[in-house]
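One structure is given below, encoded as structure tokens.
The values are calculated or read from the model by the stated rules, or taken from the named source; none is laboratory data. Keep in mind the model is a prediction, meaning the values are calculated, not measured. With ideal geometry, Cβ positions are generated from the backbone for all residues, glycine too; neighbour counts draw on all protein chains shown.
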Amino acid sequence: MGCGRVGATLAERLDSSGHSVAVIDQDSDAFRRLDDDFGGRQVTGLGFDRDALVQAGIEDAFAFAAVSSGDNSNIIAARVARETFSVERVVARIYDPRRAEVYQRLGIPTVATVRWTAEQTLSRIMPGPAEPDLTDASGAVSVVRVEPHVGWVGRSLTSIERATGGRIAFLTRLGSGVLPTPAMLLQEGDQLHVAALVDDVGAIRRLMADAPGEAS
């Protein structure tokens, strides 16, 4: 939702990567920002309007990004996508950082600024591995961001470390970095930043992407 600089950048990146993408904007002139060879769908309408969302294919959407110029429109659209159409991967652009924590409490990840927004939004909605936060000079150890499956919520961070074999360097909770303590439990919406051997990163991501087994 939104075909400004961020929306157009996201749409073109997704389209050029071979994904099916639809862009919603209430101003049809906004679609002029898209390249001439853009192959996605262009829908004129409000991004929180059910008919516009259905026309854009929301019922089959893997992800939804609300990146218009209005905070209120973005958060309403994001909530409609998640709560009405059950889209699992949703992110909203928020201009006022004071609102971000409120929206994080609603379970809607938020991002800001143009180039950074495009990169961070892609990292949240795209499947597959993301770039590591940090890799040591030898290339042996990385700190990687992991978004756990909701089934891990309520587990202690210590038990997650035992299950993964990694070490939780810190976590992002409600938009703020937090140092872990032995008694700390994982909360919904937490992002973990895990230090691990590079060779183990893929296995850790796969493990945390699914609900924990009975032995975890």
Do we find a residue being among the polar types (S, T, N, Q), in a helix (DSSP H, G or I) and within 17 Å of T110 (Cα to Cα) anywhere in region 62-72? yes
Identity of the residue in region 73-93, of a type outside the set (V, I, T) and under 14 Å from V111 (Cβ atoms), that ends up nearest to the chain's Cα centre (by Cα): R89
Of residues in region 184-216 being of a type in the set (D, E) and over 23 Å from R89 (Cβ atoms), the one surrounded by the fewest Cβ atoms within 10 Å (Cβ to Cβ): E214
Here the residues within region 64-84 that are small (G, A, S) and either free of Cβ contacts under 8 Å to residues at least 24 places away in the same chain or in contact with a strand residue (DSSP E or B) (Cβ under 6 Å, 6 or more places away or on another chain) (or both) are A65, A66, G70, A77, A78, A81
Among the numbered conditions (1) crowded, with 16+ Cβ neighbours inside 10 Å; (2) modelled with pLDDT of 75 or more; (3) among the charged types (D, E, K, R), tell me where R167 comes up short. (1)
Looking across region 1-13 at residues that are surrounded by 22 or more Cβ atoms within 10 Å (Cβ to Cβ) and free of Cβ contacts under 8 Å to residues at least 40 places away in the same chain, the single one that is farthest from L53 (Cα to Cα) is A8
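Regarding A63, is this residue among the hydrophobic types (A, V, I, L, M, F, W, C), at pLDDT below 95 and assigned by TED's automatic domain parsing to the domain that holds D96?
Numbers: among the hydrophobic types (A, V, I, L, M, F, W, C): yes; at pLDDT below 95: yes; assigned by TED's automatic domain parsing to the domain that holds D96: yes.
When the stated conditions are applied, A63 passes them.
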Can you pull out every residue in region 18-54 that is part of a helix (DSSP H, G or I) and free of Cβ contacts under 8 Å to residues at least 24 places away in the same chain? S28, D29, R32, D51, V54
On the given criteria, is T181 over 18 Å from the mean Cα position of the chain (by Cα), surrounded by 13 or more Cβ atoms within 10 Å (Cβ to Cβ), among the polar types (S, T, N, Q) and farther than 18 Å from S142 by Cβ? no
